[in-house]
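A quick write-up on the structure given underneath.
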Amino acid sequence: MKIAVLGAGAIGAYVGAALHRGGAEVHLVARGEHLKAIRAHGVRVNSPRGDFVARPHATDDPAEIGAVDYVFLGLKAHSYPSSGPLVAPLLGERTAVVAGQNGVPWWYFHRLAGPYEGRRIEAVDPGGATSRVLPPERAIGCVVYPATVIEAPGVIRHLEGTRFSLGEPAGGVSDRCTALSEAMVAGGLKSPVEPNLRDDIWIKLMGNVAFNPISALTRATMADICRHPPTRRLVTLLMEETLDIASRVGSKPDISIEKRLRGAEGVGHHKTSMLQDLEAGKQLELDAIVTAVVEMADISGAEAPTLRAVHAATDLLARSADKDVTVRAR
């Protein structure tokens with residue numbers, strides 16, 4: 001099995017190192033000091049489950065790799081529409097694309113039976129740009145649960161979690177999902193193949209759509225948000241509205257809001273990915289995590305007043321942050 005990890009950052013390098021440890025032929029696409037360190041010393045994973053080093057091939061040029069069986073996308077979702085030159089050299093006739101992204105995937109309504117089948121979500125597929133680069137029929141859905149950070153170039157700190165849930169947009173259990181799952185399990189990961197992955201997407205999205213924007217607006221950690229009664233209530237409202245939208249588009253996530261809150265509080269003083277991006281001066285991953293959910297509320301007729309208000313404030317924050325980055329770049 002030949003796998004390319006495009007965007008070998010914290011999650012990409014972690015899953016690539018695990019797959020390589022399990023015996024797969026892995027190629028990492030990275031850049032800068034991170035790439036130099038991986039070439040020189042491999043990927044070092046520091047984990048409470050045991051430290052290890054993997055030495056997969058690493059490059060900044062996908063043309064060196066050629067066609068693979070699977071492309072694992074470790075890029076942020078907003079990078080997908082412009083990823084064509086990186087992805088194209090990796091695609092063969094049967095190559096599957098595994099999107100390890102946060103939020104709503106561009107393929108969400110692809111082969112989803114019901115009134116919205118084939119509907120395009122503009123927030124994550126602007127003008128169809130993502131679908132042209134990443135045809136939905138190649139997509140394997142992936143819900144990423146582990147928390148990882150780049151501790152130093154070539155060094156990944158694995159904080160918690162090993163689960164990468166996989167699933168076909170059409171549902172069911174396919175041979176290509178099963179084969180990838182077996183390779184991930186061989187590398188020490190949990191990788192169930194879910195017959196209805198969209199339910200898993202909404203379970204994770206319940207937390208992302210609430211904690212990410214609130215943390216960016218307040219600079220608070222997940223524990224802070226949960227332990228402050230007014231923001232805990234705000235999270236509850238956001239989760240209620242998110243579950244309503246999920247139901248309207250055909251999903252029934254099997255988890256209670258209180259259990260989701262307890263899990264988030266148990267993570268402790270962890271900064272969400274959106275807050276980390278804000279502090280690092282990076283583009284916020286707002287479109288996939290929040291804007292797409294608001295668009296799905298529009299599509300399905302959900303009111304979602306709290307979600308719309310939080311989105312408006314976070315969208316203004318993102319625009320202001322983008323202006324600051326542009327000014328500094330000048």
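The values are calculated or read from the model by the stated rules, or taken from the named source; none is laboratory data. Remember, predicted model here, so these are calculated numbers, not experimental data. Note that we place each Cβ from the backbone using ideal geometry, even for glycine, and neighbour counts take in every protein chain shown. Side chains are part of the model used for accessible areas, which takes the heavy atoms of the whole protein and leaves out ligands, DNA and RNA. Shrake-Rupley method; radii C 1.70, N 1.55, O 1.52, S 1.80 Å.
Quick grid of which residues meet (1) within 20 Å of T162 (Cα to Cα); (2) among the polar types (S, T, N, Q); (3) touching a Leu at 6+ places or on another chain (Cβ under 7 Å):
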position: A10; (1), (2), (3): yes, no, no
position: G16; (1), (2), (3): yes, no, yes
position: L28; (1), (2), (3): yes, no, no
position: L35; (1), (2), (3): no, no, no
position: V43; (1), (2), (3): yes, no, no
position: R49; (1), (2), (3): yes, no, no
position: F52; (1), (2), (3): yes, no, no
position: D60; (1), (2), (3): no, no, yes
I need every pair where a residue in region 16-41 that is assigned to a helix (DSSP H, G or I) has its Cβ under 8 Å from the Cβ of a residue that is among the basic types (K, R) and surrounded by fewer than 19 Cβ atoms within 10 Å (Cβ to Cβ), sequence separation at least 6 or different chains.
H20/R55
Test V53 against the criterion of being modelled with pLDDT of 95 or more and open to solvent by less than 20 Å² (accessible area, probe 1.4 Å), and give yes or no.
no
Those residues of region 61-87 which are over 14 Å from T130 (Cβ atoms) and surrounded by fewer than 16 Cβ atoms within 10 Å (Cβ to Cβ), in sequence order:
D61, A63, E64, G66, A67, P85
Restricted to region 241-257, and to residues that are more than 22 Å from F109 (Cα to Cα) and assigned to a loop (DSSP other than H, G, I, E, B), which residue is most open to solvent (accessible area, probe 1.4 Å)?
S256
For region 49-94, what are the residues that are under 17 Å from the mean Cα position of the chain (by Cα), within 17 Å of L180 (Cα to Cα) and of a type in the set (A, V, I, L, M, F, W, C)?
V71, F72, L73
How many residues, within region 112-126, are open to solvent by 50 Å² or more (accessible area, probe 1.4 Å), in contact (Cβ under 8 Å) with a residue 60 or more places away in the chain and within 21 Å of L73 (Cβ to Cβ)?
1
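With the structure loaded, tell me whether A4 is open to solvent by less than 10 Å² (accessible area, probe 1.4 Å) and either more than 30 Å from M296 (Cβ to Cβ) or more than 22 Å from the chain's Cα centre (by Cα) (or both) or whether it fails that test.
Values: open to solvent by less than 10 Å² (accessible area, probe 1.4 Å): yes; either more than 30 Å from M296 (Cβ to Cβ) or more than 22 Å from the chain's Cα centre (by Cα) (or both): yes.
The answer is yes for A4.
One line per residue, one yes/no per condition, for (1) more than 22 Å from Q101 (Cβ to Cβ); (2) modelled with pLDDT of 95 or more; (3) not polar (S, T, N, Q):
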site	(1), (2), (3)
P213	no, yes, yes
T218	yes, yes, no
M222	no, no, yes
I225	yes, yes, yes
P230	yes, yes, yes
T236	yes, yes, no
E240	yes, yes, yes
D244	yes, yes, yes
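Scan region 286-294 and tell me whether some residue there is at positive phi, at pLDDT 95 or above and open to solvent by less than 70 Å² (accessible area, probe 1.4 Å). Steps first, please.
We begin by selecting, within region 286-294, every residue at positive phi; these are none.
No: region 286-294 contains no residue that is at positive phi, at pLDDT 95 or above and open to solvent by less than 70 Å² (accessible area, probe 1.4 Å).
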I'd like to check something: does region 95-104 contain any residue that is in a helix (DSSP H, G or I), touching a residue at least 60 places away in the same chain (Cβ under 8 Å), under 18 Å from the mean Cα position of the chain (by Cα) and buried (at least 19 other Cβ atoms within 10 Å of the Cβ)?
no
Note on region 265-281: residues open to solvent by 30 Å² or more (accessible area, probe 1.4 Å) and under 18 Å from V124 (Cβ atoms) are S273
